Structure formats: structure tokens, C-alpha cells
1. What are the principal axis extents of the Cα atoms in the chain, in Å, biggest first?
2. When the accessible area of the chain is split by element with a 1.4 Å probe, what percent falls to carbon and sulfur?
3. Per the Kirkwood formula on distinct C-alpha pairs, the Rh of segment 95-137 is how many angstrom?
4. Going by a ≥ b ≥ c, the root eigenvalues of the Cα gyration tensor, does segment 129-192 fall in the rounded group (a/c under 1.5), the prolate group (a/b larger than b/c) or the oblate group?
5. Send over a whole-number figure in Å² for the accessible area per residue of the chain, probe 1.4 Å.
6. Place a point 7 Å from Cα of E25 in the direction of its Cβ. Which residues in segment 44-87 have their backbone N less than 20 Å from it?
7. Compare T271, T102, T51 in a GNM of the chain, Cα atoms joined below 10 Å, and give the one with the largest fluctuation.
8. Among the trypsin sites (Lys or Arg not before Pro) within segment 86-122, which fall in a DSSP loop and have no more than 15 other Cβ atoms within 10 Å of their own Cβ?
Amino acid sequence: MTFLDMLRAAERQNGSMLCVGLDPEPTKFPAAYKGDANKIYDFCARIVDATADLVSSFKPQIAYFAAHRAEGQLERLMEHMRRVAPHVPIILDAKRGDIGSTAEQYAKEAFERYGADAVTLSPFMGWDSVAPYLKYEGKGAFLLCRTSNPGGDDLQNQRLATVEGQPRLYEHIAQLAQGPWNLNGQLGLVVGATYPAEIERVRELAPTLPLLIPGVGAQGGDAVATVKAGWRGHADGSSVGAIIVNSSRAVLYASSGDDFEQAARQVAMQTRDTLEAAKGIKA
């Protein structure tokens, strides 16, 4: 199955648009694991077990593993997710952006070493920094488009005077991803939940691409506004333009006690249900 096939299947099977981000920070772990980087796998695996039937995807953030020399634990976690939730696609959040042979190595890391189904990329260096990832048939690649951080305005919201219509940079990226760059239907876009008006604009420019939307939960993005702005679907609830709404810290650190798994599950369930209910809310 391709990444998009897996995404659609997981969305149907679990009734969910929720992505749980796996951003392990040992200082925030529950008491039994707190401060111990050797427990990254154990903590994340228990979160996966508690939420696997509630999500449309998982998104491990590679920096949180690499900073603690825990790449081996990430490999084990990827294998664990494949065992317990083989129907749920895994998006490796790496935000890579380099050219030529270096991009080829990053693609090999994401898809061969870790076995990810999709990866996040920075498109700043242009088409040849994206192309190596698309050589992996059926894999997905999400281009940073309109990110949720305040500094995103510095570049993403600037107009391009030499491009017809003088679009903003994020609009140009959306058009490229929907059009000439999307050779095999493998591309998606990253758009932050803190900017619902921009989500809606990106959806206008890229009506069929999957949108990975971080920022719901701890970052303050509104789940209902996110769905209204970005999700497009049929009357039966199936997606035309899928959205993948990520929540990390709100789920991972829902409790600092021994009940952290149950608390994570509860928050994930509430978020999933809120997102699903928002499909029927009219603007």
C-alpha cells in the first residue's frame, strides 16, 4: 500500500484525523521514567499501545531521539509500531532540506533505515532537494508551507515579485506541490493550526493534497477551526482533501503519574472525537 492508501484506510478504520506526535523529552516523563533517556522507547511504545486505535498516523520527531543518542531506540519503536499497528502510517518528522547526493542519503535514512511511510521536508533549496525522496515509490513527502511558529512570517508570508500574480511564498509552495512537483501523487503540505485563514488558502490552491497540521493542543491551535478550514470530504465522511491533525505534548504528557497511558488515551480520544464532530459544523 502507498502512504496515501494507508492514510485513508487508517482514517476509515479508526474514525480519525488525529496524528500523535512522538516527541520524547525525558525531563517530562512520568515519575517512573523521569529523566532517564534510556526509557525513551519504553515510554513511546506505551503511548503507541494506548492510542493505536485512535489515530490516523504517528509522527516521531527525529531530533528528540538523536539529541539523546537514542536512534537505536527509534529503530525499535518503528518496529514496534509496525507490529502493533501495521495499518497506521508513520511520518518521520525530520524537516530535511539538502541537495543531490546528500538528499539521497537523507531519503535512505528515512525510508530504508527507519522504514517511515512519509517524511517532512524543507523545500527552501528547490526541486532537486525534493526529487530524491520521490524515487521511493509509494512513500509520502510533506513540504513545509505555512508553519505554526511566529517566525514563519519572516519568509513564508513574503510576496514573490518575479512570479506571476506575486503570490506569497507559502502560496507558491502550495501551487508547486499541487502541480509540477507532484509527479506521482506523493506530496503533501505542512500548515500550522495557528493560522486557520492560511490553511483555508492553502486548501484552495491544493484541493486534493493531504495537509499535515501541527499546533493543536499545547500550541493553542483550535481543532474545530482547523477542520473547517482544511478538511474537504464527501457526505459519508470520507476525505477528498485529507488532513492529519497533530497533537504531541497534550497527549504525551497528559499525566505525570502511573496513569499516563490512560490519560494519554483519554486526551487522544477527546481530540479525535472533537475533530470528527467538526466535519459536520457549517461555517
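The values are calculated or read from the model by the stated rules, or taken from the named source; none is laboratory data. Just so it is clear, the structure is predicted and the values come from calculations on it, not from any experiment. Methodologically, a virtual Cβ is constructed for each residue, glycine included, from the backbone with ideal geometry; neighbour enumeration extends over all protein chains shown. Heads up: the accessible areas ignore ligands, DNA and RNA and are worked out on the full protein's heavy atoms, side chains in. Shrake-Rupley method; radii C 1.70, N 1.55, O 1.52, S 1.80 Å.
1. Here the Cα extents, ordered largest to smallest, are 57, 48, 36 Å.
2. Ligands and nucleic acids excluded, carbon and sulfur give 49 percent.
3. 10.0
4. Here segment 129-192 falls in the oblate category.
5. Solvent-accessible surface per residue comes out at 43 Å².
6. 44-48, 59-71, 74
7. Top of the fluctuation ranking is T102.
8. For trypsin sites (Lys or Arg not before Pro) across segment 86-122 that sit outside H, G, I, E and B with at most 15 neighbouring Cβ atoms in 10 Å, the list is empty.
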